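Beneath this line is the structure, given in structure tokens, with notes to follow.
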């Protein structure tokens, strides 16, 4: 079995089943790195080989999350060989090989930190981008891919197409998010034929759609300037926490956030301290009144 040829076929398969570009890139790289490390043919790989490879990755001081990403890629590769290429090799990656990961609670911004951040942001484009993350729960990739036709100002909603897990969903815009977006459109080049909402404003790529890394660099700049620990994802965390504190139902938050399963949303319930505190004292007041 020619390794180079089979890896290319694996990549084409991932493209055919509509994996994201980032996932395809990561899977291709992890499998290529694994095969380069091997000293036996692909079809001779055993579970012991995988354990040896995990040890090699540990020696490289890779994080547990990164090692799991490698294992996922290799596992998918052997599933591809078995089901798509009809090469009957048992999958050597066992579930028990997955690294145990810490599960830190989502971190969010306090109200005074939100005020400080947005008071500092003077760019109408940046204000609109980050307000959509904070109020609509958009991921950075979803902000990058946001196009003009999916925004419905009349109904105050946005149709998010091809979000994570290739899911479409509808999110709603608060008044301040609408205000920020309308203000941005006033200064956005009206003659632009680009469908993406957010454009590069300076330099060689002026007028082109802004990139994921471009947005991340901007929020990193504001984080440094304000002294706040803030990221695109933390703005999403903040929205989920605020909604739960305001007594929104867990299923509602799951739908708005675009979570694949309710367990992801339940993590936010653990940090929804305002609601817990309110429920506690309300319950205690009821109990004390019975005494």
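The values are calculated or read from the model by the stated rules, or taken from the named source; none is laboratory data. Only a predicted model underlies this, so the values are computations on that prediction, with no experimental measurement involved. For neighbour counting, all protein chains shown are included, and Cβ atoms are generated from backbone atoms with ideal geometry for every residue, glycine included.
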Scan of the stretch 144-157 for residues that are surrounded by 16 or more Cβ atoms within 10 Å (Cβ to Cβ), out of contact with any helix residue (DSSP H, G or I) (no Cβ under 6 Å at 6 or more places or on another chain) and in contact (Cβ under 8 Å) with a residue 12 or more places away in the chain, ordered by number: 145, 146, 151
Qualifying residue in the stretch 170-184 (condition: at pLDDT 90 or above, over 23 Å from residue 123 (Cβ atoms), assigned to a helix (DSSP H, G or I) and in contact with a strand residue (DSSP E or B) (Cβ under 6 Å, 6 or more places away or on another chain)): no
From the options 254, 216, residue that is touching a helix residue (DSSP H, G or I) at 6+ places or on another chain (Cβ under 7 Å), closer than 22 Å to residue 147 by Cβ and part of a helix (DSSP H, G or I): 216
Failed item, numbered, when residue 58 is tested on (1) within 20 Å of the chain's Cα centre (by Cα); (2) part of a helix (DSSP H, G or I); (3) exposed (fewer than 14 other Cβ atoms within 10 Å of the Cβ): (1)
Any hit, the stretch 234-246, residues being in a loop (DSSP other than H, G, I, E, B) and surrounded by 14 or more Cβ atoms within 10 Å (Cβ to Cβ): no
Any hit, the stretch 171-185, residues being surrounded by fewer than 14 Cβ atoms within 10 Å (Cβ to Cβ) and under 30 Å from residue 82 (Cβ atoms): no
Residue in the stretch 135-143 that is part of a loop (DSSP other than H, G, I, E, B), surrounded by fewer than 21 Cβ atoms within 10 Å (Cβ to Cβ) and in contact (Cβ under 8 Å) with a residue 24 or more places away in the chain present: yes
Scope the stretch 9-51; condition loosely packed, with under 13 Cβ neighbours inside 10 Å, over 26 Å from residue 164 (Cβ atoms) and free of Cβ contacts under 8 Å to residues at least 40 places away in the same chain; matching residues: 36, 37, 39, 40, 44, 48
Which numbered condition residue 91 fails, given (1) buried (at least 16 other Cβ atoms within 10 Å of the Cβ); (2) assigned by TED's automatic domain parsing to the domain that holds residue 32; (3) assigned to a loop (DSSP other than H, G, I, E, B); (4) touching a residue at least 24 places away in the same chain (Cβ under 8 Å): (4)
